[in-house]
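Everything on this sheet refers to the single structure shown next.
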Amino acid sequence: EFRDIMRDLPLKILSLKEFPDFPETIEDGSTFKENALKKARALAFYTNDIAVADDSGLVVDALNGSPGVFSARYSGTGATDLENNIKLLNDLKDVPVNERKAAFKCAIAVVTPDGFEEVVTGECRGTIGLEMRGGEGFGYDPLFIPNGFDKTFAELGMETKNRISHRFRAITAIRPVLKKILPH
C-alpha cells in the first residue's frame with residue numbers, strides 16, 4: 001500500500017523484513033501517535049536513515065475509545081483476530097445499531113537521524129456490525145462497515161478498502177512531508 005502510493009517519489013522503500021536483527025519495539029504509548037513516533041525513532045537510530053512507522057487501531061465510541069491502542073491485543077496478549085472480534089461483539093451486545101459508531105485511526109510518523117519528526121493521521125469512520133461478514137482483510141474488517149457503504153471491509157475487498165481506509169488517508173497525508181525532506 002505504501003509503496004503503491006509513493007511510487008512516483010524518489011524513494012527506495014524497505015520494510016522491517018529487510019532488517020531481521022532490528023529489535024522489537026514495545027508499543028507502550030497511550031496514543032497511536034506516541035507508538036508511531038517510538039517505532040520511527042528507533043528505526044531511524046538503527047538505520048541512520050529516514051524512517052516511517054505507523055500505529056493504528058479501532059476506536060469505538062460506545063466503548064469510550066476502546067479497543068484503541070490495544071486493538072491487536074484487545075482480548076489478551078497474543079489474541080487472534082477472531083478472539084478480538086468475538087470480544088468486541090460481546091462488549092457491544094446490548095448497544096443498539098445506531099449507537100455502534102466507530103473509526104479506524106492511523107498515525108504515521110516520519111523521523112530523520114538529524115532529529116526531524118512529523119506525524120500525520122488518517123481516519124475512516126463507520127459502524128460496527130452485529131455479526132462478522134466477509135472473508136477478506138484482517139483484524140476487525142469483518143465487523144467494520146465504513147460510512148457510505150452497506151458492506152464490511154472484509155466484504156468490500158482489499159482494493160476498495162485500500163482506497164478509503166485510515167491507512168490510505170494517512171499515507172496520502174505523509175506524501176508532502178516526505179517531499180519536503182527528500183533531496184530534490
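The values are calculated or read from the model by the stated rules, or taken from the named source; none is laboratory data. None of these values were measured; they are calculated from a predicted model. Neighbour counts are summed over all protein chains in view; Cβ atoms, including those assigned to glycine, are modelled from backbone coordinates with ideal geometry. Heavy atoms of the whole protein, side chains included, go into the accessibility calculation; ligands, DNA and RNA do not. Shrake-Rupley method; radii C 1.70, N 1.55, O 1.52, S 1.80 Å.
Out of region 114-147, which chymotrypsin sites (Phe, Trp or Tyr not before Pro) are coil in DSSP terms and have no more than 12 other C-beta atoms within 10 Å? List each step's numbers first, then the result.
Details: sites: 116, 138, 140, 144; in loops: 116, 138, 140.
Filter output for region 114-147: 138.
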Add -39500 (n - 2.57) for each DSSP H run of 4 or more in the chain, then divide by its residues: what number comes out at 222 nm, to the nearest 500 deg cm²/dmol?
-9000 deg cm²/dmol
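Size of the dipole of region 53-94 about the Cα centre, Lys and Arg at +1 and Asp and Glu at -1 on the beta carbon, nothing else charged, in debye to 20? Please list the in-between numbers first.
On the way: 3 positive and 7 negative charges, 28 e Å.
I would put it at about 140 debye.
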Once phi is turned into θ = phi - 60°, what whole-Hz ³J(HN,Hα) does the Karplus curve with 6.51, -1.76 and 1.60 give for every residue of region 113-120, x standing for Gly and Pro?
x, 8, x, 5, 9, 8, 10, 10
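Leaving out ligands and nucleic acids, note down the accessible area per residue over region 62-158 with a 1.4 angstrom probe, in whole Å². Don't skip to the answer; put the middle values down first.
Values: 4820 Å² over 97 residues.
Dividing the accessible area of region 62-158 by its residue count gives 50 Å².
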Heavy-atom accessible surface of region 70-168: percent carbon and sulfur, 1.4 Å:
51 percent
Straight-line reach only, C-alpha to C-alpha below 18 angstrom: list the aspartates and glutamates that residue 33 could link to, leaving out same-chain residues fewer than 8 apart.
24, 54, 55, 117, 118, 123
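Give me the extension gain from residue 178 to residue 151: residue separation times 0.36 nm, minus the current Cα-Cα distance, reported in nm with one decimal. Write out the running numbers ahead of the final one.
Details: separation 27, 0.36 × 27 = 9.72 nm, distance 3.39 nm.
Once the chain is fully extended between residue 178 and residue 151, it gains 6.3 nm.
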Where Lys and Arg each count +1 and Asp and Glu each count -1, what net charge lies around residue 153 among other residues with Cβ under 9 Å from its Cβ?
-1
Site residue 62, offset 7 angstrom along Cα→Cβ, radius 20 Å on amide nitrogen, limited to region 11-42, gives none
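Mind checking the full-extension length gain between residue 163 and residue 90? Use 0.36 nm per residue of separation minus the Cα-Cα distance, one decimal, nm.
Details: separation 73, 0.36 × 73 = 26.28 nm, distance 2.99 nm.
Result: 23.3 nm gained on full extension.
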Dipole magnitude of region 1-139 about its Cα centre (Cβ charges: Lys, Arg +1; Asp, Glu -1), debye to nearest 20
240 debye
Within straight-line cross-link reach of residue 87, lysines at Cα separation under 19 Å, skipping those fewer than 8 residues along the same chain
101
Just in region 30-128: which trypsin sites (Lys or Arg not before Pro) are loop by DSSP and have at most 10 other Cβ atoms within 10 Å?
93
